[in-house]
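What follows is a single structure, written as structure tokens, with notes after it.
The values are calculated or read from the model by the stated rules, or taken from the named source; none is laboratory data. The model shown is predicted, which means the values in this text are computed figures rather than measured ones. As a convention, Cβ positions derive from the backbone with ideal geometry for all residues, glycine included, and neighbour counts pool all protein chains shown.
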Amino acid sequence: MTQAVIVDAVRSPVGRGRPNGALATVHPVELLAQVLTALVERNDLDPGLVEDVIIGCVSQAGEQATTPGRMAWLAAGYPVEVPSTTIDRRCGSSQQAAHFAAQGVLAGAYDIVIAGGVESMSQVPLASARLGKDTFGPSVTTRFAPGLVGQGISAELVAAKWGQGRERLDAYSVQSHVRAHDAATSGVFAGEITPIRRPDGQLVTADETIRPDSSLERMAELPSAFRSEEMTARFPEIEWRITAGNSSSIADGASAVLIMSEKRAQELGLRPRARFHSFAVCGDDPVLMLTGPIPATQQALRKGLLDIGDIGHFEVNEAFAPVPLMYAAEFGIDEARLNPLGGAIALGHPLGSSGTRLITTMLSGMEATGERWGLVTMCEGGGMANATIIERL
């Protein structure tokens, strides 16, 4: 039986998604090209053997409008014969890219494929591709009258439904920064981050988004980020707990995973780090929107013939603090196993890159602790979610 294995995974440092951010001057194509180069070179791989490059990117406008994976591959100087395509499953775009890549290997369509993602939110701001237009359409608005809401409102609804108070959300967020800082200073991230050279020649070597001085006192000073009279009237249960501090940060970053058939890896003398065990993708309530990781996880466990207690490392994207807290409460898992190296609240959420960034970081964590099973799941715009279970080898 063909196995789809992860030979290696690498990511850029994460920069703050603002004009003066550490990676703000790096074109997203160049950012991804440097990550692809690192992945190929550190595995001494002939790039001509790669059969496809599948890249997640959410805001496919401006500098990210022309199949960024294809442009990045060409920018790296690699063979023109290797194609690329772009995936948009909102925040789970590169996780879905990894699913498609691994499923292609399992089906016999690929032997060697790269999956990854890129997002420069400083150069291509969130919602740039919408051009100020109604992207839902009248029928969806009618079906979910008086209409769908933004993710910030969905986060408020999740916090209300699961009874999460402001202090609990803020305490979780402080913990994210502490865990990420500890992982960075102890060297856990050293093997997954490739330095990025900026146009001015300077190297960016570490995540810019971690705030080790975060505290409950500072978090408590932050105002509600999404409060409005309209939403207050529509959802009286909301207590307006969500702030910039307990939400993921806008960020710039790229990541990539080298995926092969186990047989091809052996032929090339490459030792796989993990194998894909099971996958799931599902839809859920588009108003609550962020709850999809629950049914996606249930599906992935069922397909993989595993129980929640078998999983030693969980990466649940910290789009907002209510999401991992909801997840922990729903499954009754030990929070020590949940985002143990910090999450997007501390490490940022460069949308298209986040899925394979989570896989990359989870691999580092599992190798550091010896865990066998790891699960990545991601809430996604429109009420969708991916879940991926991998086995460390």
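In table form, for the structure just shown:
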read-out	value
Boolean, G77 is at positive phi and not in a helix (DSSP H, G or I)	yes
Checking V14 against (1) within 26 Å of R130 (Cα to Cα); (2) out of contact with any His (no Cβ under 9 Å at 6 or more places or on another chain); (3) buried (at least 21 other Cβ atoms within 10 Å of the Cβ), the condition it does not meet	(2)
Qualifying residue in the range 35-58 (condition: assigned to a loop (DSSP other than H, G, I, E, B), under 20 Å from the mean Cα position of the chain (by Cα), modelled with pLDDT of 95 or more and surrounded by fewer than 24 Cβ atoms within 10 Å (Cβ to Cβ))	no
Test set (1) closer than 24 Å to E371 by Cα; (2) in contact (Cβ under 8 Å) with a residue 12 or more places away in the chain - R218 fails condition number	(1)
Some residue of the range 140-150 being within 17 Å of S248 (Cβ to Cβ), within 21 Å of the chain's Cα centre (by Cα) and in contact (Cβ under 8 Å) with a residue 12 or more places away in the chain	yes
Selected residue [surrounded by 14 or more Cβ atoms within 10 Å (Cβ to Cβ), out of contact with any helix residue (DSSP H, G or I) (no Cβ under 9 Å at 6 or more places or on another chain) and either modelled with pLDDT of 95 or more or in a loop (DSSP other than H, G, I, E, B) (or both)] from E208, E217, E230	E208
Only listed residue being modelled with pLDDT of 95 or more and crowded, with 23+ Cβ neighbours inside 10 Å, chosen from S255, S261	S255
Looking only at the range 78-91, and only at residues there that are out of contact with any Ser or Thr (no Cβ under 8 Å at 6 or more places or on another chain) and closer than 22 Å to G253 by Cβ, the one that is surrounded by the most Cβ atoms within 10 Å (Cβ to Cβ)	R89
Residue list for the range 179-191, filter: crowded, with 18+ Cβ neighbours inside 10 Å and farther than 23 Å from R168 by Cβ	A184, V188, F189
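Results for (1) touching a residue at least 24 places away in the same chain (Cβ under 8 Å); (2) hydrophobic (A, V, I, L, M, F, W, C); (3) out of contact with any Asp or Glu (no Cβ under 6 Å at 6 or more places or on another chain), shown as yes or no for each residue.
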site	(1), (2), (3)
M231	yes, yes, yes
I250	yes, yes, yes
S255	yes, no, yes
R264	yes, no, no
P272	yes, no, yes
